[in-house]
Amino acid sequence: MARAAVDGAREVLADSLGCLFGEVLFTSSGTESANLAILGLALANESPSRNRILMGAAEHHAVLHCCPLLERLGYSVGLIPVDSVARSDPDALRGHIGVDVLLVCLMHANNELGTINPVADLATVTREAGAYFFCDAVQTFPYCPSVGELGADLVSVSAHKLYGPTGVGALYVRAGTPLAPVVLGGGQERELRAGTENVAGIVGFAEAVKWCRDHPQVQTQKRSARDAFAATLTAQGFLPSVPVFEQSSNVLPSHFHCRFPGIDAETTLIRLDREGISASSGAACSSGSLEPSHVLMACGYSKQEAQEGLRFTFGANSTPEEALEAALKVIQVKDEILQIRSTS
Ligand code: PLP
């Protein structure tokens, strides 16, 4: 029964990714999927002249933190710069790539700013150089184009981003892509990821994918809430990190990123938390971190500006009314901080 349940879930994922049943591997997270894609390909590489790996400067830490290990394996790692909204340009990639590159890692949507990369064009440049292309689609799955349209050899996804359970992810591996396991043991997942499968998590992942498929209006709802929030804050002097006219296209409908010049995100976040508003200053998973966001630094912000960055995200249950209420609280918190400053 467990095997049938996992197979059924794999079919749902394969259908949603637009790939073959056997091209989907289940893992414990988006992080593990990225690690397996990058380190697994590096370990399986049999071409010594392909000893360079490129990654976007604004990738998630699940990708960037593979660098020290890649270097110990003998690879040199190059960072592809991003523009002021964390997008990578195919021409910039063309300037960095060569026949010594094994793998290019570029995310579909940036988890902090929500901006979407021109992945198909980036994949084309990668393919022209004969390298493999890994795309972190954790922020966009299951709304992203099929893996064929993305042009990727490897794609990582995670269940908790779409209201599935935490602790389960998947990796698309295009048939024929060389990959070595990084978790060793039994022969699960076509001998590419050992360990007894998290059956309940995997089944929950597939249920979440089906739920998203059956509720496409959720994306419009998120956008309405986000737009109401963004309009209110920008009218009050908050600077949007992605120009407002761009928010309607090539940006996730759920994200709004901004800063208020002169006010540290940390001060605002502590007060917002007391008001019942959960936001973050960088990646949601490092919301406790005091380091300025590496994404904003890669976009060209100063350390001070990067420490001011606030990331708000909206979900399936967010309404424009609730978003407006939240925006008014954010403005109230900003006014209180400015008031305290002016009297101290
Ligand atoms: N990649 C991106 C773009 C993400 O946003 C996240 C999670 O926030 C991850 C990878 C890591 O996924 P997981 O939390 O499933 O390990």
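So if each residue of separation counts as 0.36 nm, and I subtract the Cα-Cα distance between Ala44 and Arg341, what length gain in nm does that give?
Taking 0.36 nm per residue and subtracting the Cα distance, the gain is 101.2 nm.
Taking every DSSP beta bridge that has both residues in the chain, what percent is antiparallel when rounded to the nearest 5?
55
Keeping every protein chain in place, order Ile270, Ile277 by accessible area at 1.4 Å, biggest value first, i.e. largest first.
Listed by decreasing accessible area, they come as Ile270, Ile277.
Compare Val295, Val85, Val182 in a GNM of the chain, Cα atoms joined below 10 Å, and give the one with the largest fluctuation.
Val182
Show the residues, 5+ positions off or on another chain, whose built amide H is closer than 5 Å to the amide H of Val168.
Ala159, His160
Under a 10 Å cutoff between Cα atoms, tell me which one of Ala230, Ala175, Ala323 has the largest fluctuation in the Gaussian network model of the chain.
Maximum fluctuation in the GNM of the chain, among the listed residues, is at Ala175.
With a Förster radius of 25 Å, plug the Cβ-Cβ distance of Asp83 and Asn51 into 1/(1 + (r/R0)^6) and report the FRET value to the nearest 0.05.
Efficiency at R0 = 25 Å is approximately 0.35.
Return the sequence-ordered ³J(HN,Hα) values of the stretch 234-243 in whole Hz as given by the Karplus equation 6.51 cos²θ - 1.76 cosθ + 1.60 applied to θ = phi - 60°, using x for Gly and Pro.
5, 5, 9, x, 6, 9, x, 6, 10, x
To the nearest 500 deg cm²/dmol, what mean residue ellipticity at 222 nm is calculated for the chain from DSSP H runs of n ≥ 4 alone, each contributing -39,500 (n - 2.57), summed and divided by the residues?
-12500 deg cm²/dmol, from helical runs alone.
With θ set to phi - 60° and the Karplus curve 6.51 cos²θ - 1.76 cosθ + 1.60, what are the ³J(HN,Hα) couplings of the stretch 206-222 in order, to the nearest whole Hz, using x for Gly and Pro?
Karplus values, whole Hz, x for Gly and Pro: 5, 4, 5, 4, 5, 4, 5, 4, 7, 10, x, 5, 4, 5, 5, 4, 4.
Mind checking the full-extension length gain between Glu207 and Gln219? Use 0.36 nm per residue of separation minus the Cα-Cα distance, one decimal, nm.
Extending this stretch completely gives an extra 2.6 nm.
Just read off the accessible area of Tyr163 with the full protein assembly in place, 1.4 Å probe, to the nearest 10 Å².
Ignoring ligands and nucleic acids, Tyr163 comes out at about 130 Å².
Once ligands and nucleic acids are excluded and a 1.4 Å probe is used, how much of Arg174 is accessible, expressed in Å² to the nearest 10?
Accessible area of Arg174: about 90 Å².
State the volume of the convex hull built on the alpha-carbon positions of the chain, expressed per residue in Å³ and rounded to an integer.
So the per-residue Cα hull volume is 133 Å³.
Please quote Rg/Rh for the stretch 217-343 to two decimal places, taking the Kirkwood radius as Rh and restricting both calculations to Cα atoms.
Rounded to two decimals, Rg/Rh equals 0.94.
Can you tell me the length gained on complete extension of the stretch Thr319 to Glu246, counting 0.36 nm per residue apart and subtracting the Cα distance?
24.1 nm
Using only Cα atoms, figure out Rg for the stretch 26-71 and give it as a multiple of 2.2 N^0.38 Å.
Against the compact-globule rule of thumb, the ratio is 1.17.
Which one, Leu252, Leu296, Leu328, has the greatest fluctuation when you compute a Gaussian network model over the chain with C-alpha springs under 10 angstrom?
Leu328
Output the peptides 197-206, 140-149 sorted from most to least packed, where packing is the average of other Cβ atoms within 10 Å over each peptide's residues.
Sorting 197-206, 140-149 by mean packing, highest first, produces 197-206, 140-149.
What translational D, rounded to a whole number of µm²/s, comes out for the stretch 114-243 from Stokes-Einstein when the hydrodynamic radius is the Kirkwood one over Cα pairs, at 10 °C and 1.306 mPa s?
In µm²/s, the coefficient is 92.
For the stretch 31-148, count all C-alpha to C-alpha pairs, find those more than 17 Å apart, and express that count as a whole percent of the total.
Percentage above 17 Å: 51.
Quick one: Karplus J couplings for the stretch 245-252, per residue in order, coefficients 6.51, -1.76, 1.60, θ = phi - 60°, nearest Hz, x for Gly and Pro?
5, 8, 4, 7, 9, 6, 9, 4
Using the beta-carbon distance between Glu191 and Asp7 and R0 = 22 Å, what value does 1/(1 + (r/R0)^6) give for FRET efficiency, to the nearest 0.05?
0.85
The values are calculated or read from the model by the stated rules, or taken from the named source; none is laboratory data. Since the model is a prediction, treat every value here as computed from it, not as a measurement. We place every Cβ from the backbone using ideal geometry, glycine too, and count neighbours over all the protein chains shown. What goes into the accessible areas is simple: the full protein's heavy atoms, side chains included, and nothing from ligands, DNA or RNA. Shrake-Rupley method; radii C 1.70, N 1.55, O 1.52, S 1.80 Å.
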